[in-house]
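**Q** Starting off with a structure, shown below.
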Amino acid sequence: MRVLVVEDEARVRSFIKRGLIEAGMAVDTAGDGDQALAEGLGFDYDAIVLDLTLPGLDGLEVLRQLRARGCAVPVLILTARDSVDDRVRGLDRGADDYLVKPFAFPELLARLRALVRRGTPLAEVIEIGDLRIELASRRVERGGQPIELTAKEFALLEYLARHAGEVVTRTMISEHVWDINFDTLSNVIDVYIRYLRRKIDDPFPEKLIRTRRGVGYVLESGP
């Protein structure tokens, strides 16, 4: 899951970014409205956290232009503006949710996950063969045996599982599991696929993570 955090206050921006990364998300940030609009239109995000008070374009104008240009990514407004009129304006401009500062980080995280689920409804548990992934608790089991994954390994497995049976390319993986600084020429994705295979596949007779040479990877069970 890749998120854009738009916040002009560096301390708050850093706090949100750190928390989302610890939750296994890939995070890009923007400190002003012009950068937010450019990144929102230039990259494929799963959600955007948007402050309203920004240098350059304000948050409402960023939101208006994103929607006018066909960007349908879920947007969570995060702002100190707490009047009913402010909430109405934000939602009318195309926001999907509205959270007022100060906020509890677990609530921000829960709202983001809810927005993404709303856009692509999925059960909280994904099962592929004897592999079981509990998204909320981030528990993974195969054949009843618990499997410990790092935050990035879980993020990669979650993305593959959300597209189970579909071939996902390295570009798709990099856009949703890594951030804007990812070096597309590196072999990091292949390395993490190997990490996952050692834990998910190697101890078991059926291999679930399969390579489609020249295309990408697919997570599936069966022949």
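The values are calculated or read from the model by the stated rules, or taken from the named source; none is laboratory data. The model shown is predicted, which means the values in this text are computed figures rather than measured ones. Note that we place each Cβ from the backbone using ideal geometry, even for glycine, and neighbour counts take in every protein chain shown.
**Q** Just to be sure before I move on: is D34 outside any helix (DSSP H, G or I) and assigned by TED's automatic domain parsing to the domain that holds Y98 in the structure I sent?
**A** Criteria not met by D34.
**Q** What is the residue count in region 87-98 for residues that are assigned to a helix (DSSP H, G or I) and under 24 Å from the mean Cα position of the chain (by Cα)?
**A** The number of residues fulfilling the criteria is 2.
**Q** Same structure, new question: Given the conditions (1) surrounded by fewer than 17 Cβ atoms within 10 Å (Cβ to Cβ); (2) more than 16 Å from the chain's Cα centre (by Cα), report the number of the one that L57 does not fulfil.
**A** Every listed condition holds for L57 apart from (1).
**Q** Output the residue which, of all residues in region 1-24 that are part of a helix (DSSP H, G or I) and among the aliphatic types (A, V, I, L, M), is surrounded by the fewest Cβ atoms within 10 Å (Cβ to Cβ).
**A** That would be A10.
**Q** Out of the residues in region 63-86 meeting the condition of being more than 20 Å from the chain's Cα centre (by Cα) and of a type in the set (A, V, I, L, M, F, W, C), tell me which one is surrounded by the most Cβ atoms within 10 Å (Cβ to Cβ).
**A** Going through the qualifying residues, I end up with A80.
**Q** Something else: Take the residues in region 127-158 that are of a type in the set (A, V, I, L, M, F, W, C) and assigned to a loop (DSSP other than H, G, I, E, B), then tell me which one is surrounded by the fewest Cβ atoms within 10 Å (Cβ to Cβ).
**A** Result: A136.
**Q** Taking region 106-126 as the search range and keeping residues that are β-branched (V, I, T) and outside any loop (DSSP other than H, G, I, E, B), which one is modelled with the highest pLDDT?
**A** Top of the filtered list is I126.
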